[in-house]
Amino acid sequence: MPELPEVETICRGLRPHLQGRRIVRVKVFEPRLRHRIDPGLPACLRGQTIIQVDRRAKYIFVYLERKNVWVFHLGMSGKLIFVHPATPKQKHDHIVVTLDNGQELRYHDPRRFGLSLVVPEAKLHELPQLRDLGLDPFDAQFDGQYLYSFTRRSSRRIRDLLLDQQVVAGIGNIYANEILGRAGIRPMTRSSRLTREKVERIASMIPRVLSEAIRWCGTSFSDYRDADDQFGEFQNHLRVYDRDGEECRVCPSTIKRVALGNRSAFYCPSCQK
Ligand SMILES: [Zn+2]
């Protein structure tokens, strides 16, 4: 599932292809995503020039000239990729967008958990999907104090708290484990038992780990590809995630795996206390 670094990588890949381009035509081949695509979507987008591409957490925002925003969420397996129009349409290419330079942007999503809709810019952050999101980890207001305000009153395990999109938006299981690995904190620690100092350490590690992953263009385990259909490389730099049985990259201990809820957690028993 794409997490924040993958979505940021996709945005960076989309910008040079999309900004300043005019949308000539939009064809929807399969409207049945998790939220059904509005039948009026193609007509609403046709003829509009794309001003800017941005994101908040895992939501991609394509800002359009008529003060509206085309919002995407990639769900479990969504991809936004550029192709030459002669490229045969693939199974699961649900939306095909033709740009004024002849290039095509295709939304491909085998599991169809994605989201694609247009909203007026003024109403963007009132969308039910966005209204309750916690701070984006790159928001200037995100810091140790903010995270501590959640940990001190939560008995949940810290790995699960980091996965809560209403606390910090954009982190999934891969990065939650990596952040705790680098902060030296075990994933099963109860949040309320963490000292202020430890929470500060975790909070400072969040943007650092995510930035590093963005520099490697994200993590590709299965479906994820960037806007040019390329793999990310951060999977080669993971310290703990999916490395159970392997040697820690810092000490001679072996990385352990534990079942936490329905998702595994990974940690080094020596480096993480
Ligand atoms: Zn270690």
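The range 1-18 and the range 40-67 have Cα centres separated by 15 Å.
Were the residues from Phe29 through His237 laid out at 0.36 nm apart, the gain over their Cα-Cα distance would be 71.1 nm.
Might you report the magnitude of the Cβ-based charge dipole of the chain about its Cα centre, with Lys and Arg at +1 and Asp and Glu at -1, to the nearest 20 debye?
That gives a dipole near 680 debye.
Return the FRET efficiency for the residue pair Arg263, Gln141: r is the Cβ-Cβ distance, R0 is 35 Å, and the value is rounded to the nearest 0.05.
That pair, Arg263 with Gln141, gives E of 0.80.
When only alpha carbons are used to place a centre, the range 197-273 and the range 101-155 end up 22 Å from one another.
Measure up Lys27/Lys123; Lys79/Lys123; Lys27/Lys91 against 19 Å on the Cα-Cα distance and list the ones that go over. Over 19 Å Cα-Cα: Lys27/Lys123; Lys79/Lys123.
What residues of the range 36-65 lie in the reach of a label at Arg22, counting those whose backbone N is under 13 Å from a point 7 Å from the Cα along Cα→Cβ? Only 46-50, 65 fall inside the zone, counting backbone N under 13 Å. Assuming R0 = 41 Å, what is the FRET efficiency of Asp229 and Arg131, from their Cβ-Cβ distance, to the nearest 0.05? About 0.80, to the nearest 0.05.
Summing charges over neighbours of Cys44, with a neighbour being any other residue whose Cβ is under 9 Å away from its Cβ, gives +1 when K and R count +1 and D and E count -1. Computed over the chain with a Gaussian network model linking Cα atoms closer than 10 Å, the most mobile of Asn236, Asn173, Asn68 is Asn236. Can you tell me which lysines have their Cα less than 30 Å from the Cα of Lys198? Leave out same-chain residues fewer than eight positions away. Output for Lys198: Lys58, Lys256, Lys273. Taken about its Cα centre, the range 29-98 carries a charge dipole of about 200 debye when Lys and Arg each add +1 at the Cβ and Asp and Glu each add -1 at the Cβ. Exposure proxy ranking for Ile179, Ile214, based on other Cβ atoms within 10 angstrom of each Cβ and starting from the fewest, stands as Ile214, Ile179. With the simple spin-label model, which puts each label point 7 Å out from Cα in the Cβ direction, the Leu124 to Thr49 separation comes to 1.8 nm. Against the chain, whose longest principal axis comes from its Cα atoms, helix 173-183 is set at around 40 degrees. A Cβ-based charge dipole, computed about the Cα centre of the range 188-269 with Lys and Arg at +1 and Asp and Glu at -1, lands at about 680 debye. Take the Cα of Met76, step 7 Å toward its Cβ, do the same at Arg36, and the gap between the two points is 2.2 nm. Across the options Val7, His73, Ser191, the greatest Cα extent toward the positive end of the charge dipole of the chain (unit charges at beta carbon of Lys, Arg, Asp, Glu) belongs to Ser191. Of all the options Val24, Val250, Val209, the one that moves most in a Gaussian network model of the chain with Cα springs shorter than 10 angstrom is Val250.
Only helical runs count toward this figure. For the chain, summing -39,500 (n - 2.57) over DSSP H runs of n ≥ 4 and dividing by all residues gives -7500 deg cm²/dmol at 222 nm. Loop-located GluC sites (Glu not before Pro) in the range 1-95 (DSSP state other than H, G, I, E, B) with a sparse environment of at most 15 neighbouring Cβ atoms within 10 Å: Glu65.
Coordinate-derived values only; no laboratory data. As the structure is a computational prediction, the values presented were derived from the model and not from experiment. Methodologically, a virtual Cβ is constructed for each residue, glycine included, from the backbone with ideal geometry; neighbour enumeration extends over all protein chains shown.
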